[in-house]
């Protein structure tokens, strides 16, 4: 058995793959939920659950909302015209 978040590693070494989700079902803390368990080839090519598909294709989770407050936004760079002289 191997436990990993590295999906490429799982695809390379495992015959069977289980996909778990970490949920806060009752508000008392996180609980692991088995979403899908199947042959690794099927998990990566034709998963039965959309959450599995989203994870293995990199669409899992919300977009990051963290924006540092101590960093100034970068100003667009402009090109200076080169002088054409002889």
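Just so it is clear, none of the values below were taken in a lab; they were calculated from the coordinates. Note that the structure is a prediction, hence the values are computed from the model and not measured. A quick note on method: Cβ atoms are made from the backbone with ideal geometry, for glycine too, and the neighbour counts reach across all protein chains shown.
Considering only residues in the stretch 17-29 that are surrounded by 10 or more Cβ atoms within 10 Å (Cβ to Cβ) and touching a strand residue (DSSP E or B) at 6+ places or on another chain (Cβ under 6 Å), the one that is farthest from residue 3 (Cα to Cα) turns out to be 23. When residues in the stretch 1-16 are screened for being surrounded by 10 or more Cβ atoms within 10 Å (Cβ to Cβ) and over 20 Å from residue 59 (Cα atoms), 3 of them pass.
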